[in-house]
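Notes follow once the structure below has been shown.
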């Protein structure tokens, strides 16, 4: 049975289950129509664009400044999220306390809340007249329309990725290693750093990667608090949007291509890492 | 004793983080929405443009949900019930929209259907508008939520294996019957879970839709875009009033999601 060059490998069961051709056909045609063909069209636009022009656009001073803002803020936010993600995952898997299920459910709020709503809420909250912003204003710290604000929005959007990456690994982690460490006289802190941390490190890094990737691409929750000041608080998705509004499609597409390539690299890293995590969570401890 | 203190400090820190980072923005939306009383709130929410935006949001989410559920079921069946070369590559390709910025997702449709796109002459000949029109909004929403259903189904169907389906097929059951009687009971909670995640994202999508919408009020404005317009016009109370409708939907989705996840976990344990 052949569908678009994908051949069914010889199976022990000789394929009694029906529907391979139909399912493969529907899957591949929908995937091509919705994702692959539109993505490939990016290159069609760039074919009239010389390599020199392309390079000029993506290495323009203002564009490079946006990479710095996006990468820097996303990195800081992901690092903060790993810290609190480990803490929250630990608290949620190891302790019993009132309201635990509500706390667990709330973690996913950033996935459920429309990003634009989060964006205007955070901006107002952290502006110099907002509940939190006015407190910091007195200390001379501005949050909205600075990189601090961008970072806070990225922390908001990234936290569920880290918690949900670490939680299953902690749940599977066999308590007997910790008991053994305790019996051998290790302190609780030492047990955590020597026994537990190495086990959850790959999962934490996966969570870091996912939160980092999402933060770089994120638009809705970041755009309002960023304020779009060139060289200072302009993020990469926003400069693409600006170029689109000026109908400068080749420039917008060129910067978009940089983002696509970058997110593929991050995605590849995550795939390699999560293969290791699956080994730990699946077969390693307990069962 | 020392363990107990550590424990409460850690729980306290976790609760504080969630309260400050997640709950405070939520509370802010509701407080700002009702700051000028119920009358102002109601007039913003029942405004003609707000209602039209809500209708478009629901329409786009509905079409997206139907298409992505069909795709998710077919893709999961193809990937988990058969062995073929390039399976890993296919799974990775399906996951692409997850890792792409919503702005770039919107841009790819401009590049295909916009004035500079290769499909533009064709559309013009047939007098169809996609970009800066409703079809573009629907397409962009489908793109960003494309893997949501299949991603939930694939691990679930992989774990349950294909022995039961093989047995049913050997006994002479046809494809649809096998799916309905054998596979569906196993995956129903997982399917519902994927559908809920897809709905949440489809209702709230902003970046991708913003690129292809053209912001025509009453025509190509979704609810999140309407919030943005009100906010940029400094009509803050109106913006937060409309946003609070989305907050209520989000909280309902969150509760539903947790109930379904609970059922799913219980089923996995059995």
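Cβ crowding within 10 Å ranks B:189, B:77, A:55, B:126 as B:126, A:55, B:189, B:77, fewest other Cβ atoms first. Going from the residue with the fewest nearby Cβ atoms within 10 Å to the one with the most, B:209, B:131 rank B:131, B:209.
When chain A is treated as a Gaussian network with alpha carbon springs shorter than 10 Å, the biggest mean-square fluctuation among A:209, A:99, A:227 belongs to A:99. Overall shape: oblate for the range A:1-159, with the ratio a/c of the largest to smallest alpha carbon gyration tensor axis at 1.5 or above and b/c at least equal to a/b.
Multiplying the residue separation of residue B:125 and residue B:20 by 0.36 nm and removing their Cα-Cα distance gives an extension gain of 32.4 nm. Rounded if a/c is under 1.5, else prolate if a/b is larger than b/c, else oblate: which is chain A, with a ≥ b ≥ c the root eigenvalues of its Cα gyration tensor? Judged from the Cα gyration tensor, chain A comes out oblate (a/c at least 1.5, b/c at or above a/b).
The Cα center of the range B:1-40 and the Cα center of the range A:100-160 differ in position by 11 Å. When chain B is treated as a GNM, springs tying every alpha-carbon pair under 10 Å, which of B:233, B:205, B:152 comes out with the largest mean-square fluctuation? Looking only at B:233, B:205, B:152, the biggest GNM fluctuation is shown by B:233. The mean count of C-beta atoms from other chains within 10 Å of the C-beta of residues in B:81-91, rounded to a whole number, is 5. Across the alpha-carbon atoms of the range A:237-279, the computed radius of gyration and Dmax are 15.2, 49 angstrom. This ranking places A:259, B:171 by how few other beta-carbon atoms lie within 10 Å of each, fewest first, which gives B:171, A:259.
A helix-only calculation puts chain B at -24500 deg cm²/dmol for mean residue ellipticity at 222 nm, using -39500 (n - 2.57) for each DSSP H run of at least four residues, averaged over all residues.
Note on the protein assembly as shown: percent of Cα-Cα distances in each 10 Å bin, starting at 0 and stopping at the bin with the largest distance, equals 3, 16, 27, 27, 18, 8, 2, 0. For the range B:229-244, the residues whose amide N sits under 16 Å from a probe point set 7 Å from the Cα of residue B:43 along the beta carbon direction are B:235-242. So if I take the alpha carbon set of the range B:37-269, get Rg, then get Rh from the Kirkwood formula, what is the Rg over Rh ratio? Expressed as Rg/Rh, it is 1.05. Springs between Cα atoms under 10 Å define the GNM used for chain B, and in it the highest mean-square fluctuation of B:221, B:127, B:68 occurs at B:127.
Can you give the percent of C-alpha pairs in the range A:136-287 whose distance is more than 24 Å? Tail fraction, whole percent: 51.
Taken together, the values in this text are just the output of simple stated rules run on the coordinates, not laboratory data. Nothing here was measured: the structure is a model prediction, and the numbers come from that model. Quick reminder, even Gly has a Cβ in these numbers, built from the backbone with ideal geometry, and neighbours come from all protein chains shown.
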